[in-house]
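Visitor: This is the structure I want to talk about, given as structure tokens.
The values are calculated or read from the model by the stated rules, or taken from the named source; none is laboratory data. None of the values given here were measured: they were computed from a predicted structure. Here Cβ is always computed from backbone atoms with ideal geometry, including for glycine, and neighbour counts include all displayed protein chains. For the accessible areas, the whole protein counts, side chains as well, though only heavy atoms, and no ligand, DNA or RNA atoms are used. Shrake-Rupley method; radii C 1.70, N 1.55, O 1.52, S 1.80 Å.
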Amino acid sequence: YFLDKSDKYDSRDVERLQQDDKWVENYLIWRHDVVDDTLKMIDESFQWRKEYTVNDLSESVLPKWLFEIGALFLHGYDKEGYKLFWFKVKHHTRDPKQQLEKKKLVAFWLEHYAKRDHGKPLTVVFDMAETGISHIDLDFVRFIVNCFTDYYPNFLTKIVIFEMPWIMNAAFKIVKGWLGPDAISMLKFTNKSDVQEYISGEYLPPHMGGTDSFKYSYPPLVDDDFQTPLCENGPITSEDEHESKEEIDADTKEAGELNEAQNLNQKKMNSVEQISKSEETDKTEVKPKNAKKALTTFKGPLLHISPAEELYFGSKETGEKKCLIVLTNVTKNVVAFKVRTTAPEKYRVKPSNSSCEPGTSLDIIVSLHGGFAASLQDRFLIMAAEMDQSSGAGVPELTQFWKEVPRTKVMEHRLRCHVIESSKPSSLTLKDNAFNIPAKTNEDLHIQLTHLLQINRRLEEQMNRCLWFQQLSVVLSLLSVTVAAFCFYLAIAQRS
């Protein structure tokens with residue numbers, strides 16, 4: 001394909017394919033490990049990506065009105081923790097002149113999310129409330145379907161269709177023909193009474209029976225996790241009526257013990273140059289004896305963040321309510337940071353708005369309080385930006401700094417929450433200084449499952465061969481018995 005069509009591909013996509021094993025794996029998974037089908041899908045998606053200039057799509061190249069109508073956006077999570085991609089069908093009208101721009105808007109959102117969350121799958125929600133025959137646009141629907149079946153591999157978990165009008169039944173029979181058997185099983189037709197089987201009420205608008213007060217607006221671009229509410233978890237003070245002085249002292253003691261252990265390693269990190277020489281490990285410096293697996297580290301241009309992707313909390317039964325985020329400044333300047341969350345009523349973050357000196361590390365304690373429990377839908381956003389040497393690091397200076405710093409100079413990194421049901425969770429928690437994560441990640445389990453399916457397929461082939469040989473043996477045995485009987489009959493006939 002490459003030799004014949006290299007001019008039809010974006011060189012950036014080809015380069016990524018050669019370096020990103022996860023991307024290749026997603027293509028293989030979506031095509032059931034059939035290499036020829038996988039190559040065909042890569043070829044088609046690469047040509048499409050170049051045709052739609054996917055790598056260069058941004059807010060500035062798309063018409064502003066497309067974002068303002070609010071027909072497409074990302075917001076909230078389903079019950080399995082997957083991001084929701086909303087299609088407000090009532091805001092869509094058929095117009096051949098605008099069709100290409102609307103399709104590029106779909107590609108913009110998918111690429112925006114794929115780059116931000118590294119290809120974590122989506123749940124698509126078709127909100128068809130208040131829609132009718134005038135909103136049916138099969139060409140546009142087919143494009144959306146093709147994005148998930150042909151262009152973005154292993155990117156779809158399910159399609160939740162809310163209150164589809166009966167008049168559209170015939171149209172969706174056509175859509176089912178485009179989806180194929182795998183994607184058809186992902187269709188979930190719902191109404192107000194059963195939509196919460198898939199999406200909890202906190203991420204459903206009132207007309208769907210939920211309590212989400214989110215109201216789409218533009219600008220700015222909807223930062224779906226943190227726009228509503230966009231709340232800051234300020235440092236805990238003595239006036240906090242939900243946390244006693246004893247709890248604060250206990251937290252301080254725990255943090256002090258962690259810092260003491262970490263300082264032993266920090267003596268080896270006196271400069272950014274020393275950090276860069278030893279950083280190629282994807283593991284943190286702290287390695288307790290009981291750690292099952294070293295922590296992964298997100299290596300950003302300003303901060304290295306551990307853990308890289310998920311914070312592990314216990315369930316209500318296990319009682320694990322605290323986690324640690326370690327920030328390491330890898331620049332030669334002071335880096336200001338702040339932490340935001342989608343569930344400010346649940347969590348305390350200490351500190352949530354501070355700065356980190358060059359070449360040093362800082363611990364952020366994230367704790368649940370009250371009777372709250374962590375959920376898969378909860379997210380944290382870490383924002384960081386370099387400060388001038390002359391700038392102060394006090395609260396007034398930081399407040400002014402965040403008002404003035406350009407968004408283009410702000411590094412952002414998101415962390416998901418993971419709830420461990422086991423009575424002995426392996427996580428990055430403060431209890432017993434346990435710096436473990438589960439031995440089996442979702443990716444590990446998926447690889448094992450794929451391997452087991454391949455073994456099962458080989459066993460079925462061997463069994464089929466054995467059955468074929470068995471049947472052949474039976475037939476040959478019957479033929480032998482028949483020939484022997486016939487010979488015996490001829491011998492008796494000759495004697496008589």
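Visitor: Given a Förster radius of 45 Å and the C-beta distance between Ser473 and Leu138 as r, what FRET efficiency does 1/(1 + (r/R0)^6) yield to the nearest 0.05?
Guide: 0.20
Visitor: Moving to a separate point now. Please compute, for the alpha-carbon atoms of segment 39-80, the extent along each of the three principal axes and give them in descending order in Å.
Guide: Per principal axis, max minus min of the Cα coordinates gives 35, 34, 13 Å.
Visitor: Cα-Cα over 23 Å: which of Lys83/Lys409; Lys332/Lys409; Lys40/Lys83; Lys8/Lys409; Lys50/Lys102; Lys83/Lys104?
Guide: Checking Cα-Cα distances, Lys83/Lys409; Lys40/Lys83; Lys8/Lys409 exceed 23 Å.
Visitor: Where the eigenvalues come from the Cα gyration tensor of segment 57-208, what are the semi-axes √(5λ) of the equivalent ellipsoid, largest first, in whole Å?
Guide: 21, 19, 16
Visitor: Can you work out the accessible area per residue across segment 57-208, with the rest of the protein chains kept in place, probe 1.4 Å, in square angstrom?
Guide: Roughly 42 Å² per residue, with all protein chains present.
Visitor: What percent of all Cα-Cα pairs in segment 11-52 falls into each 5 Å bin, going from 0 up to the bin containing the maximum distance?
Guide: Distribution as computed: 5, 25, 30, 27, 11, 1 percent.
Visitor: Report the Rg/Rh value for segment 321-363, based on alpha-carbon coordinates and the Kirkwood definition of Rh. List each step's numbers first, then the result.
Guide: Details: Rg = 11.7 Å, Rh = 11.5 Å.
Taking Rh as the inverse mean 1/r over Cα pairs, Rg/Rh reads 1.03.
Visitor: In nanometres, what is the gap between the two model label sites at Lys173 and Leu39, each 7 Å from Cα along Cα-to-Cβ?
Guide: 3.9 nm
Visitor: How long is segment 298-419 along each principal axis, judged by its Cα atoms, biggest number first, in Å?
Guide: Between the extreme Cα coordinates on each principal axis of segment 298-419 lie 49, 27, 23 Å.
Visitor: Project the alpha carbons of segment 53-135 onto their principal axes and report the range along each, largest first, in whole Å.
Guide: 34, 31, 17
Visitor: Cα-based Rg (one decimal) and Dmax (whole number) for segment 20-90, in Å?
Guide: 16.2, 42
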